[in-house]
Amino acid sequence: MSIPTELIGSIPRPSDLRSALTAHARGRLSDADLAKQQEQAVAETLARLEQSGSPVLVDGEQAKPSFATYPVAGLDSLSPDGVVIPFADGHTRQLPCITEGPFRYQVRAESYLREARRLTERPLKQAVIAPSALSLLYPATPIDGYTREEFLRDLADEAEADIRGCLDAGAHAVQLDFTEGRLSLKLDPSGALLDDFIAFNNEVLGRFSDTERARIGVHTCPGGDQDSTHSLDVDYAGLLPKLFQLKAGNFYLQLASEADPERVLGVIQDHLPAGARVFVGVTDPIDPTVETPEQVRDRVLLAARYIPVEQLGTCDDCGFAPFADDASTSRDLAFAKIDARVRGTALAAEALGL
């Protein structure tokens, strides 16, 4: 037995791809030419991950506009004035909101998975956005003829189809990105919003069998964009007990950037569901210093004191560039951290006699 290790999802886009995205947005580059640039970036990403020894690959989200908004890319009925997400360094990201119904995904994550599958035979993981995040797309002022309740019903159906499409296409694992979980406790310290998010996500997850849920995971972190976070100041202990109520077989938890990771591990130990696997973050994408394999090993060995080794895995804290225009981390730095994670996890497995 070894300790599984997986990426979260995004890898910084090459500079020529970022330039192509800008040119495309300005009408100076065709859809076909942009698609060629994206395919080249995916192929290079997969090749470098194979070279690192990563047992499970991702496409690096090279073709996604962002981890959150890919389902509505190209949707005409959007307004730009949705929920604003403030980050600790002062910058913000703003979600769009819908202006009419019925709500339908324009792009499904399955399409990214199938494109990557053409380029590799290795196991592939696919990240999808959690339905709770997209629930924020409904505006504060109700839409005439399309209630919030109708929107949520449509969204649940679309989210189920997004996940199921990836499973049916042969994904090794499907990961729901749930970064809004910790943020919800900043927006609503009472926890009521988090309860709503958990219940809605479980409405969708409950539609899958136990066998299917063994391949479904949930990722949480305090956000990661332009070397800043949106909710690292929120106590993790307020999120984790409720997070583990989600009907998922795997949990991908940011941990390396926590000020007191051992305290968090204690909370995990107290609330870990039987049979679930926890992938703990052992590299910090925001920190420009590359972790050594020995540092990663020691973080894994610490986690193994609190989490049964048969339920333990490792990951990076977060994606390295969840938004396509984020150039704060270089590709070379991201791959160096990935290499350290893979090597350090192997050292820990060896130290544990696995």
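Given springs between every Cα pair under 10 Å in a Gaussian network model of the chain, which of ASP31, ASP339, ASP196 has the largest fluctuation?
Comparing ASP31, ASP339, ASP196 in a Gaussian network model of the chain, the most mobile one is ASP31.
Just to be sure I follow the definition: excluding the sites themselves, where is the longest run in the chain that has none of the GluC sites (Glu not before Pro) in a DSSP loop with at most 15 other Cβ atoms within 10 Å? Intermediate values should be presented prior to the final figure.
Numbers: sites that count: GLU100, GLU121.
Here the longest run is 122-354.
Among the listed pairs LYS247/LYS337; LYS64/LYS247; LYS64/LYS125; LYS186/LYS337; LYS36/LYS64, give every one whose C-alpha distance is greater than 22 Å.
Details: LYS247/LYS337 30 Å; LYS64/LYS247 26 Å; LYS64/LYS125 15 Å; LYS186/LYS337 30 Å; LYS36/LYS64 14 Å.
Going by Cα-Cα distance, LYS247/LYS337; LYS64/LYS247; LYS186/LYS337 fall outside the 22 Å limit.
Pulled fully out, how much extra length does the chain show between SER111 and GLU50, if you take 0.36 nm times their separation in residues and subtract their Cα-Cα distance?
Gain on stretching SER111 to GLU50: 19.8 nm.
Which cysteines in the chain lack any other cysteine whose Cβ sits under 4.7 Å from their own Cβ?
That list is CYS97, CYS166, CYS315.
Can you pull out the trypsin sites (Lys or Arg not before Pro) in segment 260-354 whose DSSP state is coil and whose Cβ has at most 14 other Cβ atoms within 10 Å? Each step should come with its number before you reach the end.
Details: sites: ARG263, ARG277, ARG297, ARG299, ARG305, ARG331, LYS337, ARG341, ARG343; in loops: ARG305.
Hits after loop and neighbour filter: ARG305.
Counting DSSP beta bridges with both partners in segment 5-351, what percentage is antiparallel, nearest 5?
Details: 8 of 33 bridges.
Rounded to the nearest five, the antiparallel share is 25 percent.
Calculate the dipole size of the chain relative to its Cα centre from +1 charges on Lys and Arg beta carbons and -1 charges on Asp and Glu beta carbons; express the result in debye to the nearest 20. Let's see the in-between values first.
Values: 34 positive and 54 negative charges, 139 e Å.
Its charge dipole is roughly 660 debye.
Between ASN202, SER257, SER10, whose Cα lies farthest towards the positive end of the dipole of the chain when Lys and Arg beta carbons carry +1 and Asp and Glu beta carbons carry -1, centred on the Cα centre?
Result: SER10, furthest along the dipole toward the positive end.
For an R0 of 25 angstrom, estimate the FRET efficiency from the Cβ-Cβ distance between ARG104 and ALA32 and round to the nearest 0.05. Could you put the intermediate results ahead of the total?
Numbers: r = 25 Å, r/R0 = 0.98.
Once the sixth-power term is evaluated, E becomes 0.50.
Are there trypsin sites (Lys or Arg not before Pro) in segment 1-91 that DSSP puts in a loop and that have at most 10 other Cβ atoms within 10 Å, and which ones?
Here the sparse-neighbourhood loop sites are ARG26, ARG28.
Taking the Cα centre of each part, how many Å lie between segment 138-197 and segment 317-339?
Centre-to-centre distance over Cα atoms comes out at 26 Å.
State to the nearest 20 debye the size of the charge dipole of segment 169-294 about its Cα centre, where the only charges are +1 on K and R beta carbons and -1 on D and E beta carbons. Please report the intermediate quantities before stating the final value.
On the way: 9 positive and 20 negative charges, 130 e Å.
The dipole magnitude comes to about 620 debye.
Please work out how much length the chain gains when fully extended from VAL84 to ARG122, using 0.36 nm per residue of separation minus the C-alpha to C-alpha distance, in nm with one decimal.
Details: separation 38, 0.36 × 38 = 13.68 nm, distance 3.81 nm.
Here the segment from VAL84 to ARG122 would lengthen by 9.9 nm.
Identify which of ALA130, ALA214, ALA140 has the largest mean-square fluctuation in a Gaussian network model of the chain, with springs joining Cα atoms closer than 10 Å.
Of ALA130, ALA214, ALA140, the Gaussian network model singles out ALA140 as fluctuating most.
Bear in mind that the values in this text are calculations on the coordinates, not laboratory data. All values reported here derive from a predicted model rather than from experimental measurement. When we count neighbours, we look across all protein chains shown, and the Cβ atoms used for this are built from the backbone with ideal geometry, even at glycine.
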